[in-house]
């Protein structure tokens, strides 16, 4: 009978290190890590765009609109302020902040939509120009109607002389 040879600590460590290297340096793991880092960086850029560039003008235009003090008390009691209702431990639906956040969301979403729309419009124009350049390099074979490179002397599909 063959005896099972116990692995030494060094051999176990080397096997573990090899498996870890294969995992850590795998293309999927690196791609995922890079994707997460790019996503985080993009999130920071978008947060800065919204907080530093879009929010100040929105706040300027919505200065007189403030629903934060709006609330509804569930029960028979009436309170002058939200603070009084909270001190009395009343059940309060504080819907004002929700309305403020919804308005802010729609204004921000609309502005971001305009930015993305204009960017898409610009990039599609450049893509269209490149497609037209590629089309200019091709012609149609008069015999089999296959696209053929402009400088070709024979059609690759029907071998007709062009």
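The values are calculated or read from the model by the stated rules, or taken from the named source; none is laboratory data. The model shown is predicted, which means the values in this text are computed figures rather than measured ones. Cβ atoms come from the backbone with ideal geometry, glycine included; neighbour counts cover every protein chain shown.
Residues in the range 82-92 that are in a strand (DSSP E or B) and surrounded by 12 or more Cβ atoms within 10 Å (Cβ to Cβ): 92 only.
Please determine whether any residue of the range 93-103 is assigned to a loop (DSSP other than H, G, I, E, B) and modelled with pLDDT of 80 or more. Yes: one or more hits.
Looking only at residues in the range 54-81 that are modelled with pLDDT of 85 or more and not in a loop (DSSP other than H, G, I, E, B), the one that is farthest from residue 101 (Cα to Cα) is 74.
When residue 135 is tested against (1) at pLDDT 80 or above; (2) farther than 29 Å from residue 43 by Cα; (3) not in a strand (DSSP E or B), exactly one condition is not met: (1).
Each row is one residue, and each column tells you yes or no for (1) closer than 30 Å to residue 112 by Cα; (2) in contact with a strand residue (DSSP E or B) (Cβ under 8 Å, 6 or more places away or on another chain); (3) outside any helix (DSSP H, G or I); (4) at pLDDT below 85.
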| residue | (1), (2), (3), (4) |
| --- | --- |
| 13 | no, no, no, no |
| 20 | no, no, no, no |
| 23 | no, no, no, yes |
| 32 | yes, no, no, no |
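The condition (being over 24 Å from residue 46 (Cα atoms), out of contact with any helix residue (DSSP H, G or I) (no Cβ under 6 Å at 6 or more places or on another chain) and in contact (Cβ under 8 Å) with a residue 12 or more places away in the chain) is satisfied by just one residue among 103, 82: 82. Looking at the range 118-141, can you tell me whether even one residue there is in contact (Cβ under 8 Å) with a residue 24 or more places away in the chain and in contact with a strand residue (DSSP E or B) (Cβ under 9 Å, 6 or more places away or on another chain)? No, there is no match, as no residue in the range 118-141 is in contact (Cβ under 8 Å) with a residue 24 or more places away in the chain and in contact with a strand residue (DSSP E or B) (Cβ under 9 Å, 6 or more places away or on another chain).
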